[in-house]
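The values are calculated or read from the model by the stated rules, or taken from the named source; none is laboratory data. Note that this is a predicted model, so its numbers are computed, not measured. Cβ: placed from backbone, ideal geometry, glycine included. Neighbour counts: every protein chain shown.
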Amino acid sequence: MTVPLLELRSVGKTYAGGGLFSRRRVAAVKQVSFTLAAETPEVFAIIGESGSGKSSLARMVLGMSTASEGQVLFRGQDLAASRGRSARLDFMRQVQPIFQNPFEAFNPLTRVDRYLYATARNLTGAKNQSEAEAAADQALQQVGLSLTELRGRFPHELSGGQLQRAAIARALIPGPSLLVADEPVSMIDASLRMTIVNLFRELRDRLQVSILYITHDLATAYTISDRIVIMRQGEVVESGDARAVLAHPQHPYSIQLKNSVLSVEGAWNDDDDALAHGATRSTEGTRP
């Protein structure tokens, strides 16, 4: 039996609430389980409004936070049991994050290419500047950029779309098996979002990399995803094939989300048109 790429087994995350001396506990994630297969790369979306637990889940998958209960396993290894610098570096090579705001992902006082060189040296073993530059340029070309375009430029000298593509290139340098993209187009101008969304689909197919796509935006989730889970107050309320779930939701909350957009079956039949013309509203502000 093939070991899954990523497996969550009844994962929960609880935080202290109400101040330093309070005994109150807040469950941000409750009994979440799902699996990403190793042999078939896919885009797996986690959809939910603010406070749904989706970002807490992403942090646990990235090893930035430890589950309070259950297990997060990557290639069969429990992340909570992984110890040591070597294990951490190996995990970082295979699982890379892409964050919401590209202007916060780069120090405004540091040239963007410097970040790419550092990633190449630290995670690919590039032995010199020439090898680091070659690795950076190869990754940039995967996202439609080149080292010539970025060399010597600071973050403020690039557009939001260019900088987010540079952030994606940086994540691609070590050749990961899984990208964890947390709201990766929410800070991008609406006219450019489809470029990034299409890029993720291309990377899945061309590089055979799976993508955990965290979002509150039903339009991009419908367009980009193979499978989805919908979260509400820390729990998964519905899951399955992305188009089947979003076109014909069964849970009352999922139905409410569908009703908060113009039409999944109508306006979203043309994926590009849905994003280009803003056919949907996001889940933000949706309340049961």
Note to self: With the requirement that a residue be farther than 30 Å from A219 by Cα and acidic (D, E), what does segment 43-98 give you?
What the structure shows: E69, D78, D90
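The rows are residues; the columns are (1) at pLDDT 95 or above; (2) in a loop (DSSP other than H, G, I, E, B); (3) in contact with a Phe, Trp or Tyr (Cβ under 8 Å, 6 or more places away or on another chain).
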| residue | (1), (2), (3) |
| --- | --- |
| V11 | yes, no, no |
| F34 | yes, no, yes |
| F44 | yes, no, yes |
| S65 | no, yes, no |
| Q71 | yes, no, no |
Next item on the list: Check V197, V180, V185 and return the single one that is of a type in the set (V, I, T) and in contact with a strand residue (DSSP E or B) (Cβ under 6 Å, 6 or more places away or on another chain).
Entry: V180
Check: Quick one: how many residues across segment 182-195 are under 22 Å from L6 (Cβ atoms) and in contact with a Pro (Cβ under 8 Å, 6 or more places away or on another chain)?
Finding: 1
Notebook entry, point to check: In segment 219-259, what count of residues is obtained for those that are touching a helix residue (DSSP H, G or I) at 6+ places or on another chain (Cβ under 8 Å), closer than 20 Å to V185 by Cα and not charged (D, E, K, R)?
Noted result: 13
Check: Hey, R83 hits all of (1) touching a residue at least 24 places away in the same chain (Cβ under 8 Å); (2) of a type in the set (K, R); (3) in a loop (DSSP other than H, G, I, E, B) but one; which does it fall short on?
Finding: (1)
Note to self: So F91 ticks every box in (1) in contact (Cβ under 8 Å) with a residue 40 or more places away in the chain; (2) aromatic (F, W, Y); (3) under 30 Å from L8 (Cβ atoms) but one. Which box is left unticked?
What the structure shows: (1)
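Here's the yes/no breakdown for (1) over 21 Å from the mean Cα position of the chain (by Cα); (2) at pLDDT 95 or above; (3) among the small types (G, A, S); (4) surrounded by 15 or more Cβ atoms within 10 Å (Cβ to Cβ):
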| site | (1), (2), (3), (4) |
| --- | --- |
| A219 | no, no, yes, yes |
| Q233 | no, no, no, yes |
| A242 | no, no, yes, yes |
| K258 | yes, no, no, yes |
| D270 | yes, no, no, no |
Note to self: Considering only residues that are surrounded by 13 or more Cβ atoms within 10 Å (Cβ to Cβ), more than 23 Å from Q208 (Cα to Cα) and aliphatic (A, V, I, L, M), which ones fall in segment 62-78?
What the structure shows: A67
Next item on the list: Kindly check whether there is at least one residue in segment 111-119 that is under 26 Å from L36 (Cβ atoms) and hydrophobic (A, V, I, L, M, F, W, C).
Entry: no
Check: If you go through segment 86-101 one residue at a time, do you hit one that is surrounded by 14 or more Cβ atoms within 10 Å (Cβ to Cβ), over 25 Å from F200 (Cβ atoms) and either touching a Leu at 6+ places or on another chain (Cβ under 6 Å) or not hydrophobic (A, V, I, L, M, F, W, C) (or both)?
Finding: no
